[in-house]
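Report on the structure given below.
The values are calculated or read from the model by the stated rules, or taken from the named source; none is laboratory data. None of the values given here were measured: they were computed from a predicted structure. With ideal geometry, Cβ positions are generated from the backbone for all residues, glycine too; neighbour counts draw on all protein chains shown. Keep in mind that these areas ignore ligands, DNA and RNA; they rest on the heavy atoms of the full protein, side chains included. Shrake-Rupley method; radii C 1.70, N 1.55, O 1.52, S 1.80 Å.
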There are 4 protein chains.
Amino acid sequence: MVKIGVVGCGYWGPNLIRNMVENSQVDQVTVCDLDPRKVAKIQQRYPTVKAAAGFDELVRSAAVDAVLVATPISTHAKLGKKVLEAGKHVFIEKPLAPTAAAAQELIELAAYKKLTLMVGHTFMFSPPVIRIKEEIDRKTLGTVFYISAMRVNLGLHQKDVSVVWDLAPHDFSILFYWLGERPVTVSALGRDSVLRGIPDVAFINMEFAGGAIAHVQISWLSPSKLRRTTVVGSQKMLVYDDTESLEKIKIFDKGVEYKNPDTFGEYQLSYRTGDIVSPQIKNYEPLGAEMSHFIECFTTGKKPLTDGECGLRVVEALAATDASLKAGGKVIRL
Amino acid sequence: MVKIGVVGCGYWGPNLIRNMVENSQVDQVTVCDLDPRKVAKIQQRYPTVKAAAGFDELVRSAAVDAVLVATPISTHAKLGKKVLEAGKHVFIEKPLAPTAAAAQELIELAAYKKLTLMVGHTFMFSPPVIRIKEEIDRKTLGTVFYISAMRVNLGLHQKDVSVVWDLAPHDFSILFYWLGERPVTVSALGRDSVLRGIPDVAFINMEFAGGAIAHVQISWLSPSKLRRTTVVGSQKMLVYDDTESLEKIKIFDKGVEYKNPDTFGEYQLSYRTGDIVSPQIKNYEPLGAEMSHFIECFTTGKKPLTDGECGLRVVEALAATDASLKAGGKVIRL
Amino acid sequence: MVKIGVVGCGYWGPNLIRNMVENSQVDQVTVCDLDPRKVAKIQQRYPTVKAAAGFDELVRSAAVDAVLVATPISTHAKLGKKVLEAGKHVFIEKPLAPTAAAAQELIELAAYKKLTLMVGHTFMFSPPVIRIKEEIDRKTLGTVFYISAMRVNLGLHQKDVSVVWDLAPHDFSILFYWLGERPVTVSALGRDSVLRGIPDVAFINMEFAGGAIAHVQISWLSPSKLRRTTVVGSQKMLVYDDTESLEKIKIFDKGVEYKNPDTFGEYQLSYRTGDIVSPQIKNYEPLGAEMSHFIECFTTGKKPLTDGECGLRVVEALAATDASLKAGGKVIRL
Amino acid sequence: MVKIGVVGCGYWGPNLIRNMVENSQVDQVTVCDLDPRKVAKIQQRYPTVKAAAGFDELVRSAAVDAVLVATPISTHAKLGKKVLEAGKHVFIEKPLAPTAAAAQELIELAAYKKLTLMVGHTFMFSPPVIRIKEEIDRKTLGTVFYISAMRVNLGLHQKDVSVVWDLAPHDFSILFYWLGERPVTVSALGRDSVLRGIPDVAFINMEFAGGAIAHVQISWLSPSKLRRTTVVGSQKMLVYDDTESLEKIKIFDKGVEYKNPDTFGEYQLSYRTGDIVSPQIKNYEPLGAEMSHFIECFTTGKKPLTDGECGLRVVEALAATDASLKAGGKVIRL
């Protein structure tokens, strides 16, 4: 049985708390927040949850083995560092840090302290994302030619971050997981349509060393919610639509094949169209799986799927996107 | 009554021929093609159509007032020039020419000869595209923040051109028409997935002087046919889905407004969500309207909606896209 | 401030309890259930909720002004009667009673005792259903020709009732509300596909005195969830799709008009097709509105929208459906 | 090579003529119509088609081996009879005859004359319908519990027939083909919303001896085009949506199983949910296959898939539907 501390009871924290309270391996959850009303609300809903007087008390508490950080992005690195310095394992919400340097520092500190550092890239624990990873690894799709992802909605503008730091961590973590690599170049065009200085739409292009290219489109300003990703491979193609309840993944047995030129030197293209299959996907809450994985990692020493390196790769790509946006779409090499 | 010549009876030519045969202002259609079987097939279907022995005979024929050029892209400029030199009005299929210089030369020649030069950007005669142009001009949408267009399918690979020159002319002509301007920068990432040297997918980003940004995604390698364009404005947003039969346009009365900061300097965002309206759109064949417009223009001297300048703007953007693709996504300034 | 008792903490009761706990007019909620574990679970989640030792204690408690009955259908009438006899207002989940006679008895008892009797036809408090009622009453649709409703899913088989008593109360209450009348005939064909004697699919046809006809299709055995109702009127038509999040209602400005025969006695039909509008619908939980309405009714003496007569009409139609099912589809006159 | 005569060049006849002109086994097509302009229009489009002076000349012509009857329904039986009497094979558009007696007479006459009689139930030659027949016959779906079909649109009102005789022949022929039997009872509720005496909407329920039940909903008055049929079996379920271009059939590996009661006599239901597969369907024009089948049958003596008995079963069900409509939904036993 483990004892968990949670810092931040705002928008996302309560989801972490609920999962930890319901987790059979957890026997104590302690929380803190700058706003005592938020703590009170949590305790009303989960009477077994304890409140720490503040962050410092929480990280030093003997009743806390590991800490989850669910605070505003700008504080992730600073708080994460204090948790590690206090000798506790830490789970930090995505994105890991505001800069690659800060992310790197966390990685090194965790290594030095021999503590677990995990990042909350929850989609990597989502059944459809895992299923697609399996299809790609099993080469069902053949070589991945390109990926096109769209994550748009009439969404809540964030005060402290752009749409890039708010939404792109989802798609970046998913894409890098699927392809097993981070991009070698990033370029992006965006616009701060509503609030000066805070981009709310971005068109991001990426190249990978393995040959794949990707487009990620994110926006807080869109007429309807779209969460649609297309993966096109040499053997099959698939569409992952996270807004669908029944058919989240559709695998199309489609492709074009290039036959060796015949004696007259003419190339021959052959089109193939077969069944469309929407595989039955397991149905569980990704966040629950993520919490269990964190507990497993820090109790056994296992390397987290979404470790610090994973978080760093995403931060680097976010920073490159920002740099490209500021330079009018210039290609940034990573 | 006018007499029309058509060069090229391949994939697209028969559509032009059918519309001209059925046009009440046309009393003679003469055609030619390098392949006599294609001409024979046309004549079997339309017994009143005459065949010229070849291109030279056709352009010189006294029974031809104006010539439609529906041949492979690489021949557009050369054939168009000969038509103009023969003193005939000319309609050239999109894209107008393989280079901006060649397009410019056609424009100047037509001006010098006082002949009509029109380009086959048929979507600019399509009822939903015209309807959206009206909405934008009437400021229903407010300021256009961004446009995102997708035109993908498991499509026929072209032998002589990339997916850019095949599909992007549609979206480029539509976007430049709606916004009333051409882009100031273009950048693009693409890949020649199947045939070496012939890109079959491209992610194209564009900035316009008026402030709008746009993304155009085109592909011959996609699991399902998508022709979906989103236009996001400060007052309303719309989706134009050309694969829908009933609801091609949906106008969303949605938006985010930035209220002046209150006395405490906090910004206030106000979200608005109202009705969604799918306006009844006129139902006619764009190509028929285009043919009538061409006839009207060359008989009255009216400037075509899709004149040489319109064709040139598209060619320049295509060339910039190619240049960016070749330079790994570099931003090209127009 | 009022004091509410809730009988039944199983599948549906917790929803009633949650809404009453959160209702600002309620200062005490007391519950009971045959299963003490269910009561304990409720108290864990809502620590302010009191538990009565049993139903008899609950209905006699001075700390209870009105009782909500959320127990299995077969017990609705019996428990409801006891509540009224104890001098308390009563809200009974749909369907009101297993027979029309039992429903009638409840109505008379409530009238005699001058107590409020309300039935839980929650859909009549749902924003889209209310909006359609307004459209019909304002004659936007013209005369209602017919209604076709589908409520199917791979649903949970009930142990004690057929799909008719489980799902049809929704559509029956909605249809009778919209049309302002109950049917004059009912006929139904069904089948007990999985469990002998418990129909799990039914096709129900109904005629109304006002001329409208209706079809209601319900099933627990269907590949995907459909909750789609079409209302066809002489002036407009609409589709209400409760599975849609964004466009629950679409109003089609479509129709066929019969023009008076001309001098040659030929009838003339004229088809009309205009805009499709998806009106913005208010967004609130119907159950919350229903609970507030119940409180308003029993505190002020106002007649509930879903009063005993409303519940009786649904029970009569359910009984007629059963009778027709048993008689192989025979038309039952009400 | 065979010689085909076609009676009727109105709405549907031209489709038959086009297919016969393009059929490699046909060396002469002769047509007739009461309206000489329709004949002229056909000859303009298909110069090789000959015109007979009238029906009598056509059926007696030595240049005609078999005759296709594509005239108004009321004339099918009379003209079909004359064709057979003239010693020619006959293909009659659906429905075969206005009454079961007339259909029976045609069957007997064809048998007596040893001539082929085929009915134009084209959907039985449609690739998705055939594919579903194969699935049912292979017992992929298990026992068919029920079928629900919807064929509605804002459709052209017919002058001489109701929506039942216009649209139900499609679904009746499909359902009887799939189930391998005709219904034992039919009941229907409908309404003549627009034109007095001509029903334009009908809700039809049917029982089959094998246990399956079916609902067929047809309407000329509906906001959007739906052609959706659900087949629910004990092992799998499928949806056939003829308006889809890509995924006409979806097979859902879903079901509910009734496990034998355990020792305590409790029934156990087990729900199963697996992949959804949209099989690749062959893509050809059903009408072309139907024409080839007719030629094969009358040249070889093979029994047509859509023979007179098939046509008779549909006519009987249509007549029963009419009888039920007139008797207010009474169950008609066949």
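Here are a few things to note about the model shown:
- Looking across region B:297-334, the residues that are among the acidic types (Asp, Glu) and part of a helix (DSSP H, G or I) come down to B:Glu309, B:Glu316, B:Asp322.
- Residue count for region C:60-96, restricted to those that are over 16 Å from C:Gly8 (Cα atoms) and hydrophobic (A, V, I, L, M, F, W, C): 4
- Candidates in region A:118-150 are the residues that are hydrophobic (A, V, I, L, M, F, W, C), buried (at least 23 other Cβ atoms within 10 Å of the Cβ) and more than 14 Å from chain B (Cβ to nearest Cβ); of these, the one that is nearest to the chain's Cα centre (by Cα) is A:Met124.
- The one condition from (1) within 10 Å of another protein chain (Cβ to nearest Cβ); (2) over 19 Å from the mean Cα position of the chain (by Cα); (3) not polar (S, T, N, Q) that B:Ala209 does not meet is (1).
- In the condition set (1) open to solvent by less than 40 Å² (accessible area, probe 1.4 Å); (2) touching a residue at least 40 places away in the same chain (Cβ under 8 Å); (3) facing chain C (nearest Cβ under 10 Å), D:Leu287 is compliant with all but (3).
- With respect to (1) of a type in the set (D, E, K, R); (2) under 24 Å from A:Gly288 (Cα atoms); (3) surrounded by fewer than 19 Cβ atoms within 10 Å (Cβ to Cβ), the lone exception for A:Glu93 is condition (3).
- Lone unmet requirement of (1) in a helix (DSSP H, G or I); (2) under 27 Å from B:Thr300 (Cα atoms) for B:Val31: (1)
- Of the candidates B:Leu115, B:Leu79, the single residue that is among the aliphatic types (A, V, I, L, M) and not in a helix (DSSP H, G or I) is B:Leu115.
- When A:Glu207, A:Glu244 are checked against the criterion of being of a type in the set (Asp, Glu) and either touching a strand residue (DSSP E or B) at 6+ places or on another chain (Cβ under 7 Å) or closer than 24 Å to A:Thr321 by Cα (or both), a single residue qualifies: A:Glu207.
- Taken together, A:Leu269, A:Leu318, A:Leu246 contain a single residue that is more than 14 Å from chain B (Cβ to nearest Cβ) and without any contact (Cβ under 8 Å) to a residue 60 or more places away in the chain, which is A:Leu246.
- Count of region B:5-26 residues, restricted to those that are assigned to a loop (DSSP other than H, G, I, E, B) and of a type outside the set (S, T, N, Q), is 5.
- Contact map, region A:120-140: first residue at positive phi, second residue open to solvent by 10 Å² or more (accessible area, probe 1.4 Å), Cβ cut-off under 8 Å, separation 6 or more or different chains; pairs are A:Lys139/A:Gln235.
- Residues of region B:31-51 that are out of contact with any strand residue (DSSP E or B) (no Cβ under 7 Å at 6 or more places or on another chain), within 17 Å of D:Pro47 (Cβ to Cβ) and open to solvent by 90 Å² or more (accessible area, probe 1.4 Å): B:Lys41, B:Gln44, B:Arg45, B:Thr48.
- Residue check for C:Asp200: modelled with pLDDT of 95 or more, within 19 Å of C:Trp12 (Cα to Cα) and charged (D, E, K, R): no
- Among the residues of region C:260-279, those identified as open to solvent by 30 Å² or more (accessible area, probe 1.4 Å), at pLDDT below 95 and not β-branched (Val, Ile, Thr) are C:Asn260, C:Pro261, C:Asp262, C:Phe264, C:Gly265, C:Glu266, C:Tyr267, C:Gln268, C:Leu269, C:Ser270, C:Tyr271, C:Arg272.
- Across region A:152-162, a minimum of one residue is classified as closer than 19 Å to A:Lys248 by Cα and either out of contact with any helix residue (DSSP H, G or I) (no Cβ under 7 Å at 6 or more places or on another chain) or touching a residue at least 60 places away in the same chain (Cβ under 8 Å) (or both).
- Residues in region C:178-203 that are more than 9 Å from chain D (Cβ to nearest Cβ) and among the aliphatic types (A, V, I, L, M) were compared, and the one that is nearest to the chain's Cα centre (by Cα) is C:Leu179.
- Of the residues C:Thr299, C:Thr306, the single one that is open to solvent by 30 Å² or more (accessible area, probe 1.4 Å), away from chain D (no Cβ under 14 Å) and among the hydroxyl-bearing types (Ser, Thr, Tyr) is C:Thr299.
- Only listed residue being modelled with pLDDT under 95 and under 22 Å from D:Glu296 (Cα atoms), chosen from D:Ala53, D:Ala63: D:Ala63
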